[in-house]
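One structure below.
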Amino acid sequence: MYTTLQSAHSIFAYIVLTVLFLAAVNAIMGIVSKKLFTDKDLRISLFALILSHMQLLIGLILYFISPKGSAMLGEMKDSAMRLTSLEHPLINIIALVLITIGWSKHKKEESNNGKFKKIAIFYTIGFLLILSRIPWTSWLS
């Protein structure tokens, strides 16, 4: 079960990062071009939010069954262990909180430009935070 979840978490990460990137770029393009916030923009942002939360759920399950997760919290001197047991989950939770805040704030906005700004700011920060704490050496190997 562990290897299946780990593979799913790694493969699904490509999809989540792609959709999150598209949502952020779509919002930035909406700001620049001063276009209306349409149903298509709403769906792209919502899809990124849902997929990000699904990835977090898979990651949290994996965290508690993995030998590299919560079991290694005492091994903070080893940077690779610190990344997988503390930094990666903590920063990704923070990123998801920011993405969720961006989604909530965009719903309260009246103007099209304001909706795009909220999505662009919060989704881009969340995306960058996620990218900053990916364990690249184990993920790409």
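Computed from the coordinates by the stated procedures, all read-outs in this text should not be read as laboratory data. Just so it is clear, the model here is predicted, and its values are computed rather than measured. With ideal geometry, Cβ positions are generated from the backbone for all residues, glycine too; neighbour counts draw on all protein chains shown.
Observations, loosely collected:
- Only Cα pairs under 8 Å and 6+ residues apart enter the sum, and on that basis the relative contact order of region 1-86 stands at 28 percent.
- Measuring against 28 Å, Cα to Cα, the residue pairs LYS77/LYS118; LYS40/LYS105; LYS68/LYS115; LYS40/LYS68; LYS68/LYS105; LYS40/LYS108 contain LYS77/LYS118; LYS68/LYS115; LYS40/LYS68; LYS68/LYS105 as the ones spanning a longer distance.
- Value of Rg to Rh for the chain (Rh from inverse mean 1/r over Cα pairs, i.e. Kirkwood): 1.04
- The label-point distance for MET76 and SER7, in a model that sets each label 7 Å from Cα toward Cβ, rounds to 3.6 nm.
- Projecting the Cα positions of THR38, ASN26, GLY74 onto the charge dipole of the chain (unit charges on Cβ atoms of Lys, Arg, Asp and Glu, taken about the Cα centre) puts THR38 furthest along the positive direction.
- Taken as Cα centroids, region 1-26 and region 100-133 sit 19 Å apart, rounded to the nearest whole angstrom.
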